[in-house]
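A short write-up of the structure that comes next.
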Amino acid sequence: MANNIPVHNVEGIAYWAKLDRPHPNKFSQYETDAQQYSIALYLDARNKKLMESLNLASTIKHDENGDRFNFVLNYMTKAGKPMVAPKVLDCELNDVTQSVLIGNGSKVEVEFALLEIQGGAHAGKTKAFLRNVQIIDLVPYEGSSASGYTLKKRTDGYVATDQQNLEEVA
């Protein structure tokens, strides 16, 4: 995004982070928003006030966990070109996008760009575009178990080696 576009940061508690790769958008109506990066951020009173001051077209939702804003970034622009993917960074600004999955309850800071909507029903309002996420306090995502499997390691069965797999294919 261009340098003259306003960039903001907001802290909160992350839920449903999908930042490692684009994920299907179940609400998609167009090819350009069929896949997206996303993170739901639960806000404290100070960060909620900041978000409300930005004249956003999207609204802050309220549920049993508190006040939530959903940040998204479509995988492609309306012109069909890939967007710059958001990065996940640790507190030393190391890129951990492909090595760490953010679990629900993690404290994060979200960096987002703000663009004014030029036409349509939301003309004059602004839209937040997810840029990067910094992990402040990580709750690791583990899926159904630490390995992502519900199965347990066994010592009484078949174990493959890379060489065996190559021989079977040849």
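The values are calculated or read from the model by the stated rules, or taken from the named source; none is laboratory data. The structure presented is a predicted model; accordingly, all values stated were derived computationally and were not measured. All Cβ positions, glycine included, derive from the backbone under ideal geometry; neighbour counts span all protein chains shown. Areas reflect the complete protein model, heavy atoms only, side chains present, ligands, DNA and RNA absent. Shrake-Rupley method; radii C 1.70, N 1.55, O 1.52, S 1.80 Å.
Counting just the residues of the stretch 10-33 that are touching a Ser or Thr at 6+ places or on another chain (Cβ under 9 Å) and open to solvent by less than 40 Å² (accessible area, probe 1.4 Å), which one comes out nearest to N104 (Cα to Cα)?
Per the criteria, the residue is A14.
Restricting to the stretch 98-122, what's the tally of residues that are buried (at least 17 other Cβ atoms within 10 Å of the Cβ) and assigned to a loop (DSSP other than H, G, I, E, B)?
Number satisfying all stated conditions: 3.
Report, ordered by the first and then the second residue, all pairs with beta carbons closer than 7 Å, sequence separation of six or more or different chains, a first member in the stretch 35-51 that is open to solvent by 60 Å² or more (accessible area, probe 1.4 Å), and a second member that is at pLDDT below 95.
Q35/P22; Q35/H23; Q35/P24; Q35/N25; Q35/Y75
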